[in-house]
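Report on the following structure.
The values are calculated or read from the model by the stated rules, or taken from the named source; none is laboratory data. Owing to the predicted nature of the structure, the values given are computational and were not obtained by experimental measurement. Cβ sites come from the backbone with ideal geometry, for glycine too, and all protein chains shown count toward neighbours.
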Amino acid sequence: MKRLNRISLVAALALVVCLALGGPAMARITFIGIGTGGTGGIYYPYGGGVAEIWSKHVPGVKAVAEVTGASVENVKLAHKGETVIGEVMGDVAEAGYKGLSKFQGKKYDILGMAVMYPNLLQVVTLKNSGITDITQVKDKNISTGSPGSGTNFMTEAVLKSLGITPDSYSDSRLSFTENANALRDGTIAVGSWSVGPGTSSILDLATTHDIRILGFSEAQQKQILAANDTYSAVELSGKVYPGVDDPVPTIGVWNVMIVQASLDEDLVYKLVKALYEHRDYLEKIHPSASYTTPENAVKYSPIPLHPGTIKYLKEVGVDVPQRLMP
């Protein structure tokens, strides 16, 4: 999908008045942009499914998924009102909300809307590279993910917590699809993905090349978790990718849908209601959507929730803890 014209999006975020079909009455259409990521991950098809649900089931709403640089950029776009909704890794959402790390002390005007699914850090190399441990990225040309992405944010945080500093490796900072192509061509030794398991770009690579996904030792996991409280120790199941038969110990983080904090409460309520009530459609697009539940919203949201979300959760009997109240 072509990137939407950002200027027209800003204008469209106001309620646009247009002639109703079949009559002289005026209808109000709200245009909503959803910041996703590149086409080689899960954010883009997931966001496209959400856009279809909202456009079909929320009267007066026209939603569209936009290809973006992913998590860090999506926080900035939602804050400015250029997309309003963003798909974001939980560590990035927390940093943006609190003004930490790459956000350089500036707190962004965002709140949680829903929790999507967990991302797993998948650090990929070819078996013939001889690389078997994450510490071997030193002095190598690697890709920590595209600039502005949650993958780049997470990979740099993980490497830093293991004492691997940015000046100890060369970083091409590629997208998921570019990662796979660069590994095929031998222009990078290691590529990083923070994404739901079974992502298309790694699957495509694994069908033509023997890959290895670098695991983390228990000691490495402890180091990483000690420095990053939004992460957890998880396993990538075996046989998700061809040739990777055994489980791989790695690091996980939940993805969240964020929303511009100033968005109308009733509108957010209607969007959240439609999202949960039509989740079965989203699961047909990607099985990771099975994690998108009201219960997970209160268990795993790293930042306070929007009042429209809270209204829906209370309506369906889900208690919202004080820490998630805006």
Can you name every residue in region 187-233 that is crowded, with 18+ Cβ neighbours inside 10 Å, out of contact with any Ser or Thr (no Cβ under 6 Å at 6 or more places or on another chain), among the β-branched types (V, I, T) and not in a loop (DSSP other than H, G, I, E, B)?
V195, I202, I211, I213
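Quick check on my filter: what residues within region 97-118 are of a type in the set (S, T, Y), closer than 15 Å to Q260 by Cα and touching a residue at least 60 places away in the same chain (Cβ under 8 Å)? I'd like the intermediate steps shown before the answer.
Taking region 97-118 first, the residues of a type in the set (S, T, Y) are 97, 101, 108, 117.
Retained after the next criterion (residues that are closer than 15 Å to Q260 by Cα): 97, 108.
Correct list: Y97 only.
Take the residues in region 277-323 that are among the hydrophobic types (A, V, I, L, M, F, W, C) and without any contact (Cβ under 8 Å) to a residue 60 or more places away in the chain; name whichever of them is farthest from M89 (Cα to Cα).
If we filter region 277-323 for residues that are among the hydrophobic types (A, V, I, L, M, F, W, C), which is where we start, we get 282, 285, 289, 297-298, 303, 305, 310, 313, 316, 318, 320.
Narrowing further to those that are without any contact (Cβ under 8 Å) to a residue 60 or more places away in the chain: 298, 310, 313, 316, 318, 320.
Values: V298: 16, I310: 20, L313: 22, V316: 26, V318: 23, V320: 21 Å.
Among residues in region 277-323 that are among the hydrophobic types (A, V, I, L, M, F, W, C) and without any contact (Cβ under 8 Å) to a residue 60 or more places away in the chain, the one farthest from M89 (Cα to Cα) is V316.
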Of all residues being at pLDDT 95 or above, surrounded by fewer than 24 Cβ atoms within 10 Å (Cβ to Cβ) and among the small types (G, A, S) in region 49-87, which is farthest from the chain's Cα centre (by Cα)? Just the residue, please.
G60
In region 133-147, which residue that is of a type in the set (S, T, Y) and not in a loop (DSSP other than H, G, I, E, B) is surrounded by the fewest Cβ atoms within 10 Å (Cβ to Cβ)?
T135
Any residue in region 116-129 that is buried (at least 18 other Cβ atoms within 10 Å of the Cβ) and within 26 Å of E265 (Cα to Cα)?
yes
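To keep it simple, each residue is scored yes or no on (1) of a type outside the set (V, I, T); (2) buried (at least 20 other Cβ atoms within 10 Å of the Cβ).
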site	(1), (2)
W254	yes, yes
K273	yes, no
I285	no, no
N296	yes, no
S301	yes, yes
P307	yes, no
V318	no, no
Q322	yes, no
Looking at region 238-289, which of its residues are at pLDDT 95 or above and of a type in the set (S, T, N, Q)?
T250, N255, Q260, S262
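Considering only region 107-138, state which residues are acidic (D, E) and not assigned by TED's automatic domain parsing to the domain that holds S232. Working first, answer last.
Taking region 107-138 first, the residues acidic (D, E) are 109, 133.
Scanning region 107-138 gives a single hit, D109.
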Tell me which residues, restricted to region 275-302, are touching a Gly at 6+ places or on another chain (Cβ under 6 Å) and either part of a helix (DSSP H, G or I) or closer than 21 Å to G33 by Cα (or both).
L282, I285, S288
Just to be sure before I move on: is I131 farther than 30 Å from T187 by Cα and either under 18 Å from the mean Cα position of the chain (by Cα) or at pLDDT 95 or above (or both) in the structure I sent?
no
Restricting attention to region 254-274, report how many residues are farther than 17 Å from A65 by Cβ and part of a strand (DSSP E or B).
1
Any chance region 117-128 includes a residue that's in a helix (DSSP H, G or I), out of contact with any Leu (no Cβ under 6 Å at 6 or more places or on another chain) and not acidic (D, E)?
yes
Can you give me the number of residues within region 233-275 that are over 18 Å from the mean Cα position of the chain (by Cα) and either closer than 30 Å to V61 by Cα or of a type outside the set (G, A, S) (or both)?
24
